[in-house]
Amino acid sequence: MQETILDKAVPFFLGLALIEFIWGRRKSVYRWNDSVSDLATGILYSFTGVIITLAAILLYDKIRIYYSVQSLFHLGDFPSSSPLIKTAEGWQFNLESFLAWTFVLIAVDFIYYWFHRATHEIHFLWACHVTHHSSEEFNLTVALRQSMFQRIFEYAFNLPLALLGIPWWMFFICHGILKIYQFWVHTRLIGKLGWMEKVLLTPSHHRVHHGRDPEYLDKNHGGILILWDRWFGTYAEEKKEPIYGLTEPLPTFNPIWANLHVYISLWNLVKATPSWKDKLLLLIKKPDWRPDSLGGEKKVPEINRSTYTKFDPTISSSRKVYGVLQFVVLAGLSVYLLKLIKLGKISLALYSGFGLWFFFAFLSLGLVWNGRTKMEKWEVLKFALLGVLVWNLK
């Protein structure tokens, strides 16, 4: 498995986050505990992404080969060559290829709008997206705060592209461009951008999307174009800077709980509901919907900005240093492991074993930032398990 366009962009993401950190120090744009949690969820997203992406490619290509319109109606292949081709006479522009690539990029963005909207309007899909919204900050590291499971459903939404005969690698390049574009809009430091606000997703639009204020909920779902929101009734303009995060704030920096808490909550709601019809409706209706047996729909309260405080447990300076250093080590190990699997240097089974260890390690790291005092047993067990895995690398 080779590096994707998104993999190659990660060093630039981190560099831009560093610039934003320096630029935004007076506005307190970053907190160590929150940003470490953001980056940890991003690493977990990358780990699960290897297996999910491999499975998605296999499924996508099976559909394209056997069930696409080209296969069923014996049509020519979808144009996928580069719009610019270097020949003996110099560079030549291929209009057909340019239009094909433009179509795929717009189609990917259009599908993303509906997928993104669905993750806010369907409870079981919200569970795979909530991780991204659970930070109470809004900065470039939040862009990397992604769910371990979201790609499963996001790729599924894009399977119609396989029916059109679009090669999987063409889809992945355009999908990568979409994700790279979305990175820069996660900032508080860029104001409104004139004419761009009418057509493209901007930081102002995306600040609204991450707001928990009642007037901002479930708005501005676009990936690159804001036109979809304007056309389909989900647009809201930024009138005041939002309060960021969930309507019920997540009181933890544990990246594992950030990925799982809605699944567990939804499971408990389904178990507590006597009617089978209501059990199904809990899965497919909006996240705030509840049957009458559970008290009816939840109301989103207004936010009292004068009394609102962020989750921010006090921990000692030595704990902060330990938490940062531990994350740096984990990040370095994860980059090395991801490189090994993509170069084919380790088996998928051993990679999965390391993935489970990282799951445990980030759980432990979350406890550090949450202020848990007794950590010695967790740390000894964590490093003992790491030793076993490293031994198997030999």
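The values are calculated or read from the model by the stated rules, or taken from the named source; none is laboratory data. Since the model is a prediction, treat every value here as computed from it, not as a measurement. Here the Cβ is made from the backbone with ideal geometry for all residues, glycine too, and neighbour counts use every protein chain on show. The area values use the complete protein model at the heavy-atom level, side chains included, leaving out ligands, DNA and RNA. Shrake-Rupley method; radii C 1.70, N 1.55, O 1.52, S 1.80 Å.
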**Study point:** Condition broken by residue 195, with the remaining ones in (1) out of contact with any Asp or Glu (no Cβ under 8 Å at 6 or more places or on another chain); (2) in contact (Cβ under 8 Å) with a residue 12 or more places away in the chain satisfied
**Key:** (2)
Review point. Which one is surrounded by the most Cβ atoms within 10 Å (Cβ to Cβ), of the residues in the range 2-49 that are without any contact (Cβ under 8 Å) to a residue 40 or more places away in the chain and of a type in the set (Val, Ile, Thr)?
Key: 10
Revision key, fill the gap. Only one of 269, 325 is surrounded by 14 or more Cβ atoms within 10 Å (Cβ to Cβ) and not in a loop (DSSP other than H, G, I, E, B), namely 269
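Could you check how many residues of the range 246-266 are in contact (Cβ under 8 Å) with a residue 40 or more places away in the chain and either of a type in the set (Val, Ile, Thr) or surrounded by 21 or more Cβ atoms within 10 Å (Cβ to Cβ) (or both)?
9
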Review point. Filtering the range 80-132 down to residues that are hydroxyl-bearing (Ser, Thr, Tyr) and touching a strand residue (DSSP E or B) at 6+ places or on another chain (Cβ under 9 Å), which residue is farthest from residue 178 (Cα to Cα)?
Key: 97
Revision key, fill the gap. Scanning the range 215-233 for residues that are open to solvent by 10 Å² or more (accessible area, probe 1.4 Å) and either in a loop (DSSP other than H, G, I, E, B) or within 14 Å of residue 120 (Cβ to Cβ) (or both) gives 217, 218, 219, 224, 228, 232, 233
Review point. Which number in (1) surrounded by 12 or more Cβ atoms within 10 Å (Cβ to Cβ); (2) outside any helix (DSSP H, G or I) marks the one condition that residue 301 misses?
Key: (1)
Revision key, fill the gap. Counting only residues that are within 26 Å of the chain's Cα centre (by Cα) and either open to solvent by less than 40 Å² (accessible area, probe 1.4 Å) or not hydrophobic (A, V, I, L, M, F, W, C) (or both), the range 65-119 contains a total of 13
Practice item. Please find, among 144, 189, the residue that is closer than 26 Å to residue 243 by Cβ, touching a residue at least 12 places away in the same chain (Cβ under 8 Å), within 12 Å of the chain's Cα centre (by Cα) and open to solvent by 10 Å² or more (accessible area, probe 1.4 Å). Key: 144
Review point. Out of the residues in the range 345-367 that are small (Gly, Ala, Ser) and in contact (Cβ under 8 Å) with a residue 12 or more places away in the chain, which is surrounded by the most Cβ atoms within 10 Å (Cβ to Cβ)?
Key: 361
Review point. Considering the range 66-93 alone, what residues qualify as being closer than 12 Å to residue 161 by Cα and of a type in the set (A, V, I, L, M)?
Key: 69
Exercise for review: Looking at (1) surrounded by 15 or more Cβ atoms within 10 Å (Cβ to Cβ); (2) modelled with pLDDT of 80 or more; (3) among the basic types (Lys, Arg), find the lone condition where residue 372 falls short.
Suggested key: (2)
Practice item. Would you list the helices (runs of 4 or more DSSP H) that sit entirely within the range 1-108 and hold 2 or more residues that are among the basic types (Lys, Arg)? Key: 32-67
Point to revise | Any hit, the range 202-216, residues being closer than 30 Å to residue 81 by Cα and modelled with pLDDT of 95 or more | key: no
Exercise for review: Would you mention how many residues in the range 50-75 are touching a residue at least 60 places away in the same chain (Cβ under 8 Å), within 29 Å of residue 128 (Cα to Cα) and among the small types (Gly, Ala, Ser)?
Suggested key: 2
Point to revise | Hey, residue 280 among the hydrophobic types (A, V, I, L, M, F, W, C), outside the structural domain of residue 132 (by the TED database), assigned to a helix (DSSP H, G or I) and exposed (fewer than 14 other Cβ atoms within 10 Å of the Cβ) or not | key: yes
Check your understanding: For the range 250-266, how many residues are in a helix (DSSP H, G or I) and among the hydroxyl-bearing types (Ser, Thr, Tyr)?
Key -> 2
Check your understanding: Within the range 162-182, which residues are open to solvent by less than 20 Å² (accessible area, probe 1.4 Å) and of a type in the set (A, V, I, L, M, F, W, C)?
Key -> 162, 166, 170, 171, 174, 178
